[in-house]
Amino acid sequence: MLQRFLSHLHWDHIMGFPFFRPAYIPGNLIRIHSCHPAVREAMHKQQSDPCFPIDFRALPATIEFVPLEPGRTYEIAGFSVTSLKQFHAGDSYGYRFSRADKTIVYSTDCEHKYSNLDQSYPFIEFYRNADVLIFDAMYSLADTISVKEDWGHSSNVVAVELAQAARVRRLVLFHHEPAYDDRMIEEVFAETVRFEAISRPGHEVEVISAYDGLELEL
Ligand SMILES: [Zn+2]
Ligand SMILES: [Zn+2]
C-alpha cells in the first residue's frame, strides 16, 4: 500500500499525479490523506476531458481518499501524524510524522509573517525538536516583505529563525522559486548556511537544499 499526504490542491502539488506510475498498476492500493476537503474533486477535475486522456475513475489502481482533521493525531502506517493549518491562499496543511524517537515535519506553502512570530507562535511547537523540517523557502527575505508579501510563501531567513527557535536538527529548504537556475539555488543555500552560523543561538541547525531524489537517513 502506498500512503500519500497532500498539503493542498494547487497545481504544483497535484499535477504530477496523472503521471504517477503506481496509479496504473492493477492491484495497487494508494491512500491519499489530506485535511483539504476538496481533494477528491480536484484530483478528478484535473484528469477530466479535455485536459487529460485518462479519467481518474479509469486508473487501474485502487485509490482511496482519507480525510484528516487538522490538529488531531492519527496512527498511520506506524507513524503518529498531526497536522496544522497554514497561511496560504485556499489553505494548506503541514504534517508532522513521528515514530519511535524520530520526527519529520513537512511544512510547505505557508507564509510566516514577522508580525506573527513570538514564543506562542503555533509553528514553533509544531516543529519542536524535529529531526528534519522540510520548509517553504521560496523567496528571499527582501521579497517576502515587499513585492511578494501576501503571496503565500516564506524565505530562507525565517526558515532558519523558526528552525532555531524550535531546536530543529536538520532544515531542508524546499519549494525553490521556479525562476531560479541551479546557480541561484546554490547561492541561496550558501547564504542560508552563513546566516544560520552567524545567528546561531547555541543550537546548530544543519541546512540542506532539497533536490529530486534526495534521501535522508534519520
Ligand atoms: Zn500553493
Ligand atoms: Zn506550492
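The values are calculated or read from the model by the stated rules, or taken from the named source; none is laboratory data. Owing to the predicted nature of the structure, the values given are computational and were not obtained by experimental measurement. Positions of Cβ are generated from backbone atoms using ideal geometry, with glycine treated the same way; all protein chains shown enter the neighbour counts. Note: accessible area is taken over every heavy atom of the protein model, side chains too, but ligands, DNA and RNA are not part of it. Shrake-Rupley method; radii C 1.70, N 1.55, O 1.52, S 1.80 Å.
Points worth noting:
- Charge dipole (the chain, unit charges on Cβ, about Cα centre) - positive-most of Tyr121, Ile32, Ser146: Ile32
- With at most 14 neighbouring Cβ atoms within 10 Å, loop GluC sites (Glu not before Pro) (DSSP) excluded, longest segment of the chain: 1-148
- As a length-normalised measure over Cα pairs under 8 Å and 6 or more apart, the relative contact order of region 9-114 settles at 21 percent.
- The chain - mean residue ellipticity at 222 nm from DSSP helices (-39,500 (n - 2.57) per run, n ≥ 4, rounded to 500): -6500 deg cm²/dmol
- Model label sites at Arg194 and Arg167, defined 7 Å from Cα along the beta-carbon direction, differ in position by 3.0 nm.
- Rough spin-label spacing in nm, given labels placed 7 Å along Cα→Cβ, for Glu69 and Phe19: 3.8
- Rounded to the nearest 10 Å², the accessible area of Thr62 at probe 1.4 Å: 80
- Within the full protein context, the accessible area of Cys35 is estimated at about 10 Å² for a probe radius of 1.4 Å.
- His175, His8, reordered so the largest accessible area comes first (probe 1.4 Å): His175, His8
- The length gained by stretching the chain between Glu204 and Glu177 to full extension, at 0.36 nm per residue less their Cα-Cα distance, is 7.1 nm.
- Based on C-alpha pairs under 8 angstrom that are at least 6 apart in sequence, the chain has a relative contact order of 14 percent.
- At R0 = 30 Å, FRET efficiency that the Cβ-Cβ distance of Leu218 and Ile145 yields, to 0.05: 0.30
- For a straight C-alpha distance cut-off of 18 angstrom, the lysines reachable from Lys85 (same-chain residues fewer than eight places away being disregarded) are Lys113.
- Computed from label points 7 Å out along Cα-Cβ, the spacing between Ala38 and Tyr211 is 3.6 nm.
- Its Cα centre serving as origin, the chain has a Cβ charge dipole (Lys and Arg +1, Asp and Glu -1) of approximately 740 debye.
- Accessible surface ranking for Ile208, Ile54, Ile198, 1.4 angstrom probe, highest first: Ile198, Ile54, Ile208.
- Based on Cα atoms of region 1-146, Rg over Rh with Rh as the Kirkwood radius reads 1.00.
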